[in-house]
1. Gain in length, A69 to L49, computed as 0.36 nm per residue apart minus the alpha-carbon separation, to one decimal in nm?
2. Give K71/K158; K108/K158; K8/K45; K71/K108; K45/K153; K108/K155 a once-over and call out the pairs whose C-alpha atoms are over 25 Å from each other.
3. Using a 1.4 Å probe and counting only protein heavy atoms, arrange L126, L49 so the residue with the most accessible area comes first.
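The values are calculated or read from the model by the stated rules, or taken from the named source; none is laboratory data. Nothing here was measured: the structure is a model prediction, and the numbers come from that model. The area values use the complete protein model at the heavy-atom level, side chains included, leaving out ligands, DNA and RNA. Shrake-Rupley method; radii C 1.70, N 1.55, O 1.52, S 1.80 Å.
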Amino acid sequence: MEAPDFEKLAADFYPSLYRFAFALTRNAADAADLTQQTFYLWAAKGHQLRDGTKVKPWPFTALYREFLAQKRRQSRFIDPEHLAESSTAETALATDAIARLDGAVAQKALLSLDENHRAPLALFYLQQHSYSEIAEILNIPVGTVMSRISRGKLKLRKLLASRIDEGSVTD
């Protein structure tokens, strides 16, 4: 099976790659840059893909690796905006509280999670990748993917519950 051409890949994957990049970076401009860098990598190296079944995970893997490389480069500098992180309350999310949540609040909560939990959750729930595809994209074992998704969901529930308890569901 031959790898698709650049235009087909861009048409098929740009929206989902951008959403994944946004979930990782938490910034629209950085997400756009990261997505463009992924397509640049495809233009430069996509012809090297030998297994046509890897077309779907390849751009997500490339994007994630580029995100990690950028993060390593940025870790040399201190960003004062990210020095303090809020803690979450140890409360359960009530059924009536779910009805009061909207997509923006849930997305904001997802973006506040650490990258180890945010990336697998975004790939699983927002991009509908399988556990094995996520493991390949993030280069971690399938068991670790399952664990991070489970723990990430728990952290997300606690975070959303604390926001509801604080009365900030309309942030």
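1. The span from A69 to L49 would gain 5.1 nm if fully extended.
2. K71/K158; K45/K153
3. Accessible-area ranking of L126, L49, largest first: L126, L49.
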